[in-house]
1. Which of the residues belonging to the stretch 113-147 are closer than 17 Å to Arg51 by Cα and more than 8 Å from the ligand (Cβ to nearest atom)?
2. Can you confirm whether Val98 is assigned to a strand (DSSP E or B), β-branched (Val, Ile, Thr) and farther than 16 Å from Phe50 by Cα?
3. I'm trying to understand the selection: among the residues of the stretch 139-167, which are surrounded by 12 or more Cβ atoms within 10 Å (Cβ to Cβ) and closer than 19 Å to His112 by Cα?
4. Just name the residue that is nearest to the chain's Cα centre (by Cα) out of those in the stretch 112-136 that are over 15 Å from Asp155 (Cβ atoms) and part of a strand (DSSP E or B).
5. Can you find even one residue in the stretch 30-42 that is among the charged types (D, E, K, R), over 11 Å from the mean Cα position of the chain (by Cα), within 16 Å of the ligand (Cβ to nearest atom) and not in a strand (DSSP E or B)?
6. Just give me the residues in the stretch 6-16 being closer than 10 Å to Ile54 by Cα, crowded, with 16+ Cβ neighbours inside 10 Å and among the aliphatic types (A, V, I, L, M), in sequence order.
7. Do we have Pro88 as assigned to a loop (DSSP other than H, G, I, E, B) and either under 20 Å from Thr123 (Cα atoms) or of a type in the set (Ser, Thr, Tyr) (or both) here?
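Read the figures in this text as sums done on the coordinates, not as results from a lab. It should be emphasised that the depicted structure is a prediction, and the values quoted were computed from it without experimental measurement. In this analysis, Cβ positions are derived from the backbone assuming ideal geometry, glycine residues included, and neighbour counts consider all displayed protein chains.
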Amino acid sequence: MSSAQRLRLRPTLLSDLDFVVTVETDSQNLPFITPWERTQHEGAVRIPDFRHFIVEAGADYDAAGFVILQGCRNPNRSVELKRIVLQPKGQGVGRACVRLLKQMAFRDLHAHRFWLDVKGLNTRAQQLYAKEGFVEEGRLRESVRVTNDNADGYDSLIVMSMLDREYLARQALGLEDVR
Ligand SMILES: CC(C)(COP(=O)(O)OP(=O)(O)OC[C@H]1O[C@@H](n2cnc3c(N)ncnc32)[C@H](O)[C@@H]1OP(=O)(O)O)[C@@H](O)C(=O)NCCC(=O)NCCS
């Protein structure tokens, strides 16, 4: 096990929000997300329908980023991976984190459906989700405006999901091991 895969999630505190906003507005991350106001993060830390976590990774469990789940009390048992933003990239932290979030969604929150949307330009995240068993449901065509890098146009949002029976099947095949 590499040190990058040592990973844990701890509930975000209001005192973590400077870190959260810094990571979210980093130019490496901004094109791939729609950043929130600090008050929206404060709401997500406090409101029980959300789970807001700091991702800690590596040998010393340094803060590596943050994740947000929404719909944790959804009567349809449809839980959303609202946001995942990590500073180390390409070292396996994203995969380890998505595995942990699936376990949380299906085992702890008893989700029937775990879903997310991802921008069309975000091929890195799409690959990760597809490899981790998320299925494309459809595309919200040209639903987000893109104005970075002197561009002014629209990108689509790809909706992807996993169902509880798909998760159980992957688990039976040993594809959902959490380190
Ligand atoms: C998207 C993100 C969470 C992925 O985490 P990560 O730690 O970089 O990803 P991992 O190292 O775990 O890689 C997992 C898979 O992603 C894909 N991937 C990783 N880096 C990639 C790259 N540069 N290009 C294409 N695919 C890539 C690969 O399929 C990889 O699997 P492999 O190692 O078997 O090839 C992270 O890069 C990030 O926070 N990006 C900015 C914010 C963002 O895009 N959030 C998601 C919004 S929907």
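1. Once the filter is applied, which keeps residues that are closer than 17 Å to Arg51 by Cα and more than 8 Å from the ligand (Cβ to nearest atom), the stretch 113-147 yields Arg113, Phe114, Trp115.
2. no
3. Val159, Met160, Ser161, Met162, Leu163, Asp164, Glu166, Tyr167
4. Leu116
5. No.
6. Once the filter is applied, which keeps residues that are closer than 10 Å to Ile54 by Cα, crowded, with 16+ Cβ neighbours inside 10 Å and among the aliphatic types (A, V, I, L, M), the stretch 6-16 yields only Leu9.
7. yes
Every residue, every condition in (1) of a type in the set (Gly, Ala, Ser); (2) part of a strand (DSSP E or B); (3) surrounded by fewer than 21 Cβ atoms within 10 Å (Cβ to Cβ), yes or no:
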site: Val21; (1), (2), (3): no, no, yes
site: Ser27; (1), (2), (3): yes, no, yes
site: Gly65; (1), (2), (3): yes, yes, no
site: Lys102; (1), (2), (3): no, no, no
